[in-house]
Amino acid sequence: MEILIKPILTEKMTIQGEKLNRYGFVVDPRANKLQIKSAVEAMYGVVVTEVNTANYAGKFKSRYTKSGLLTGRSNNFKKATVTLKEGDKIDFYSNI
């Protein structure tokens, strides 16, 4: 099971990374906090002190087209906010 799907690279998470040493990830909805902690530690070589998770329901979307109104839904996802030990950092832009 692939636990970490992608990092969250928003302005809010970048500020939290600089000030509070917290980083956000979109994770598998079936993953628990212990699995998320071990996946982050294995992938980035850091020490995780705290993991917070939140489940998000997909929003209903609609759009108007020539053929009429199309409705649908975006996907559900789970977000994990990971706090690292003092002095550890994750650099998402090192491979660019």
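Taken together, the values in this text are just the output of simple stated rules run on the coordinates, not laboratory data. These numbers were taken from a predicted model, which means no experiment stands behind them. Glycine gets a Cβ as well: all are built from the backbone with ideal geometry, and neighbour counts include every protein chain shown.
Six or more apart or on different chains, Cβ under 7 Å: which pairs go from a residue in the range 31-56 that's closer than 12 Å to THR83 by Cα and in contact (Cβ under 8 Å) with a residue 12 or more places away in the chain to one that's surrounded by fewer than 17 Cβ atoms within 10 Å (Cβ to Cβ) and acidic (Asp, Glu)? Could you list them?
Close Cβ pairs (under 7 Å, with a partner that is surrounded by fewer than 17 Cβ atoms within 10 Å (Cβ to Cβ) and acidic (Asp, Glu)) amount to VAL46/ASP88; VAL47/GLU41; VAL47/ASP88; VAL48/GLU41.
Quick check on my filter: what residues within the range 29-57 are of a type in the set (S, T, N, Q), surrounded by 13 or more Cβ atoms within 10 Å (Cβ to Cβ) and in a strand (DSSP E or B)?
Matches in the range 29-57: THR49, ASN52, THR53.
Can you tell me which residue within the range 10-39, out of those that are of a type in the set (A, V, I, L, M) and under 17 Å from TYR93 (Cβ atoms), is farthest from the chain's Cα centre (by Cα)? So that I can check it myself, show each step before the final result.
So in the range 10-39, the residues of a type in the set (A, V, I, L, M) come out as 13, 15, 20, 26-27, 31, 34, 36, 39.
Retained after the next criterion (residues that are under 17 Å from TYR93 (Cβ atoms)): 13, 15.
On the way: MET13: 10, ILE15: 15 Å.
Across the range 10-39, the extreme among qualifying residues is ILE15.
Would you point out the residue of the range 58-80, among those that are surrounded by 10 or more Cβ atoms within 10 Å (Cβ to Cβ) and either among the hydrophobic types (A, V, I, L, M, F, W, C) or in contact with a helix residue (DSSP H, G or I) (Cβ under 8 Å, 6 or more places away or on another chain) (or both), that is nearest to TYR44 (Cα to Cα)?
ALA80
Looking at (1) surrounded by 10 or more Cβ atoms within 10 Å (Cβ to Cβ); (2) in a loop (DSSP other than H, G, I, E, B), which is the only condition GLY17 fails?
Result: GLY17 fails condition (2) only.
Among LYS61, LYS79, which is part of a strand (DSSP E or B), under 19 Å from THR14 (Cβ atoms) and in contact with a strand residue (DSSP E or B) (Cβ under 9 Å, 6 or more places away or on another chain)?
LYS79
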